[in-house]
Amino acid sequence: MTTADRPGTEPVPARLASSLLLVRPAAEGIEVFALRRAGSMAFSAHATAFPGGRVDPADDLPVHLWQGVDLDDWARRLGTDAAPEGAASHMDELSPRDAAGRLLAAALRETYEETGVLLALDARTGTAVDPELVRSLPEDTRERLESHDLAFGDLLTEHGLVPDTAALGPWSRWITPVGGPRRYDTVFFVVRLPEGQEPERMSSEAASHGWASPEALLNEFRSGTVNLMTPSWWQLRRLSAAIQDSTDWAGVVALGLSLIHI
């Protein structure tokens, strides 16, 4: 019997989360960066997935970091005005623009924590963060973010950076069905690997990692050598179809913009 089956028992609210499909051009289409979750993870242990995780308090960024970012438009694009009826999501506790801001910040923070790729802009010039600046950050920066010893907003402010939200393409939204003990309301984004940056030492959440075409990962799933949870399988299927339907990067991203899927 699930929680939803027990009379008088409220369903577990779905926690807000962000995930990101980091992709790069390849000889034949596009490759996506994937990692295999460590066996110690409470959720999706051993599964092959994408960088990401749940929204936490550090994703409530200071107002000055959002200058020039239309969070109301992002709320519309991400559908944060409300979760679907009966979904029991924590998104209902936030204003649409606040929910959008936290999902965006979580996507950027989690990507940096897990891969070392920092999606940020120089606040003064509006240009992409200098890869040399990223490489010069103290070695323990990512660990400090993960342990909440350093706030993501403080890291950006200290180095004169702001979130690069323009790099994020909304791809899909998934909500764990009511009834489970651990639920997530997750927005997936797709983003092209910034020039001059490359995923490096992974966090403790990953057992292995690497680049592969969506079709290669799907083939490994079919052969039983890769474990994909349903949302990850769906993202790869859609990305593979988008590559076949479009000849350039802008076309691939555009195909995903309307795919806010529940």
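The values are calculated or read from the model by the stated rules, or taken from the named source; none is laboratory data. Because the structure is a prediction, the values reported are computed rather than measured. Don't worry about glycine lacking a Cβ; one is built from the backbone with ideal geometry, like all the others, and counts go over all protein chains shown. Just so you know, the surface numbers come from the protein's heavy atoms only, side chains and all, with ligands and any DNA or RNA stripped out. Shrake-Rupley method; radii C 1.70, N 1.55, O 1.52, S 1.80 Å.
Quickly run through the range 144-154 and pick out the residues that are without any contact (Cβ under 8 Å) to a residue 24 or more places away in the chain and out of contact with any helix residue (DSSP H, G or I) (no Cβ under 6 Å at 6 or more places or on another chain).
Passing the criteria: ARG144, SER147, ASP149, ASP154.
Identify the single condition in (1) in contact (Cβ under 8 Å) with a residue 12 or more places away in the chain; (2) out of contact with any strand residue (DSSP E or B) (no Cβ under 9 Å at 6 or more places or on another chain); (3) surrounded by 13 or more Cβ atoms within 10 Å (Cβ to Cβ); (4) under 27 Å from ALA34 (Cβ atoms) that THR157 does not satisfy, given that it satisfies every other one.
All conditions are met except number (4).
Kindly indicate which of GLU200, GLU110, GLU139, GLU195 is touching a Gly at 6+ places or on another chain (Cβ under 7 Å), part of a loop (DSSP other than H, G, I, E, B) and not β-branched (Val, Ile, Thr).
Answer to the selection: GLU200.
So, of the residues in the range 160-174 that are open to solvent by 20 Å² or more (accessible area, probe 1.4 Å) and in a loop (DSSP other than H, G, I, E, B), which turns out to be farthest from ALA87 (Cα to Cα)?
Looking at residues that are open to solvent by 20 Å² or more (accessible area, probe 1.4 Å) and in a loop (DSSP other than H, G, I, E, B), I get GLY160.
Could you count how many residues in the range 100-120 are more than 11 Å from the chain's Cα centre (by Cα), open to solvent by less than 10 Å² (accessible area, probe 1.4 Å) and either at pLDDT 95 or above or farther than 20 Å from GLY169 by Cβ (or both)?
7
Taking PRO177 and the conditions (1) part of a loop (DSSP other than H, G, I, E, B); (2) of a type outside the set (Val, Ile, Thr); (3) more than 28 Å from ARG76 (Cα to Cα), which numbered condition does it fall short on, given that it satisfies the others?
(3)
Pull up the range 88-99, narrow it to residues that are in contact with a Ser or Thr (Cβ under 9 Å, 6 or more places away or on another chain) and surrounded by 20 or more Cβ atoms within 10 Å (Cβ to Cβ), then point me to the one that is modelled with the highest pLDDT.
Per the stated criteria, the residue is ALA99.
Criterion first (at pLDDT 95 or above and on the phi > 0 side of the Ramachandran plot) does GLY126 satisfy it?
Yes; evaluated as a whole, the condition is true for this residue.
I want to confirm something. Restricting to the range 45-59 and keeping residues that are buried (at least 17 other Cβ atoms within 10 Å of the Cβ) and among the aliphatic types (A, V, I, L, M), which single residue is farthest from PHE188 (Cα to Cα)?
Once the filter is applied, the top-ranked residue is ALA58.
Scan the range 134-148 and tell me whether some residue there is of a type in the set (A, V, I, L, M, F, W, C) and under 18 Å from the mean Cα position of the chain (by Cα).
yes
Considering only the range 118-136, state which residues are closer than 17 Å to PRO199 by Cβ and not in a helix (DSSP H, G or I).
LEU118, LEU119, ALA120, ALA128, VAL129
Would you mind stating whether ARG76 is open to solvent by 30 Å² or more (accessible area, probe 1.4 Å), touching a strand residue (DSSP E or B) at 6+ places or on another chain (Cβ under 9 Å) and either under 12 Å from VAL187 (Cβ atoms) or among the basic types (Lys, Arg) (or both)?
In short, no.
Mind telling me which of the residues PRO177, PRO163 ends up being closer than 21 Å to SER19 by Cβ, without any contact (Cβ under 8 Å) to a residue 24 or more places away in the chain and not charged (D, E, K, R)?
Within the list PRO177, PRO163, the selection yields PRO177.
So in the range 30-44, with the set limited to residues that are open to solvent by 30 Å² or more (accessible area, probe 1.4 Å) and modelled with pLDDT of 80 or more, which one is nearest to VAL190 (Cα to Cα)?
Among those that are open to solvent by 30 Å² or more (accessible area, probe 1.4 Å) and modelled with pLDDT of 80 or more, it is GLU31.
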